[in-house]
Structure formats: C-alpha cells, structure tokens
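Student: Pasting a structure here, questions to come.
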Amino acid sequence: MGKNKQKKDNDIQDTPDMQETPEEVNAKAAAMAAEEALAEEEAGDEAVEAKEAEAAEADKESAGDDKDTNDKDTNDNEGDLEKEIAKRDETIVMMHDQLQRQMAEFDNFRKRTEKEKSEMFDTGATNILKKLLPIVDNFERGFNTIPEGEEKTQFAIGMDMVYKQLVKMLEDCKVTPIEALGKEFDPQYHNAVSHVEKDDVGENIIVEEYEKGYMYGDTVLRHSMVIVAN
C-alpha cells in the first residue's frame, strides 16, 4: 500500500511539469501557422513561376508560329512577284515579236506595192511608146522621099523640127534606138526577116535594117527588123 501511494504521489507531482502553458501552445500554433503560410507562399510562388514559364513558352511558340507564317507569306509574295515579272517579260517578248512580224509584213507590202505600181507604170508607158514608134518611122520614111534639093524648104524644116522634138521626148522617157547595122545578129535584140549571101562581110552580120528597134530602159520595146548575111 505504501508503495502504490508513493507512486501515485509521484505521478501527481510530475503532471504539472509535463503540461504546456497557454503561451507555449499559442507560440507553437503561431509557428505552425507561419510555417504553413510560408509553405503556401512558396507553393504560390512556384505556381506563379510555373505559369510564367508556361506563358513564356506559349509566347515563344506563338512567336515561332508567327515567324513561320510571316516567312511563308513573304515567300508567297516573292513567288507571286516573280510570276508576275515572268508573265510581264513573256508578254513583252510576244508583243515585240508581233511588232517585228507586222513591220516585216508592212515592209513587204510596201515593196510589193511599189513594184506593182512600177510595173503598171511601165506597162502603160510601154503601150503608149509603142504607139509612138510608127509615127517616128513615118517621119523617117518621109525624109527619105524628099526630092534632092528640097531639104531646105520650109515644109522639110518644119517636119525635121517636129521629128527632133519627138525623138527628144522619147529620149527623155529612156527610149533609145538599138544598134543593128554592121553588128552581129543577136536574137535578144534583133529579128531577122531574111538572109542574103554576102562575101564581103562576115557570117551572121546585119547588112540592112528594115525597121529600127528601140529599148525602154533595159527592156526591149521593139526588136530591130534586119537582114542578115550568111
């Protein structure tokens, strides 16, 4: 009994020493609250930093996408510009080629028109000049019929003046007589009406001119009608 009582007394004596005071309890609670607040603050800071990192990463990805988009747009614009330049150059080349062809066609048309006009003029002039040649022939035949001693009469002088005026007009029109008498026969300029035996001249030499031939420029207006020696 004595021992139990003594133990009980000792437990009673130790109890006051193990109990905490209200101040200590409050201090511990405040410390715990401070630790919890600090932990929450640190967790909040970490959350903020994580969000900021996510936002920065998102901004970086967005900037990369925008850059890719801008680069793509720039490349597309440059491609479109190159296509437009190539199309314009092609159009210029095509128009230049068409212009050259049209100029060549116009030049050919001008030359062809001038040639046709010249040929038409020459044809008309040839027809008129051919009709004048018999008049010249008649004048020359008329001079051959004038009796000797009457070459100086007023009539003969008048005929000679008209004849010379007509010949001058033909010369101005580039009409010239073809040389025949004493020349070698040339079928390009002469037309043989007959052949005669002549021992005193060479073979194929024109000994007589029956009708005078004429040239119009480089064209034979009328062949000379001649007699050729065999």
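Student: Which residues, taken from the stretch 187-216, are surrounded by 13 or more Cβ atoms within 10 Å (Cβ to Cβ) and within 30 Å of SER118 (Cβ to Cβ)?
Tutor: Matches in the stretch 187-216: TYR189, HIS190, ASN191, GLU211, LYS212, GLY213, TYR214, MET215, TYR216.
Student: Here is a list: ASP172, ASP218, ASP186. Which entry is of a type outside the set (Lys, Arg), at pLDDT below 90 and out of contact with any Phe, Trp or Tyr (no Cβ under 8 Å at 6 or more places or on another chain)? It would help to see each step written out before you state the result.
Tutor: Working: ASP172 fails: at pLDDT below 90; ASP186 fails: at pLDDT below 90.
Of the residues listed, the single one that is of a type outside the set (Lys, Arg), at pLDDT below 90 and out of contact with any Phe, Trp or Tyr (no Cβ under 8 Å at 6 or more places or on another chain) is ASP218.
Student: Could you look through the stretch 126-175, keep only residues that are outside any helix (DSSP H, G or I) and of a type in the set (S, T, N, Q), and pick out the one that is surrounded by the fewest Cβ atoms within 10 Å (Cβ to Cβ)? So that I can check it myself, show each step before the final result.
Tutor: Keep residues of the stretch 126-175 that are outside any helix (DSSP H, G or I), which gives 145-153, 173-175.
Those still in the list that are of a type in the set (S, T, N, Q) too: 145, 153.
Values: THR145: 6, THR153: 12.
By that ranking, first place goes to THR145.
Student: Of all the residues that make up the stretch 182-230, how many are in contact with an Asp or Glu (Cβ under 7 Å, 6 or more places away or on another chain) and among the β-branched types (Val, Ile, Thr)?
Tutor: Going through the stretch 182-230 one residue at a time, the tally reaches 3.
Student: Now for a separate question. Take residues that are within 58 Å of the chain's Cα centre (by Cα) and tell me which of the strands (runs of 3 or more DSSP E) falling wholly in the stretch 186-230 contain 1 or more.
Tutor: On the way: elements: 190-196, 206-211, 214-216, 219-222, 224-229.
Correct list: 190-196, 214-216, 219-222, 224-229.
The values are calculated or read from the model by the stated rules, or taken from the named source; none is laboratory data. All figures in this text were calculated on a predicted structure; none of them were measured in a lab. So basically every Cβ, Gly included, is an ideal-geometry build from the backbone, and we count neighbours across all protein chains shown.
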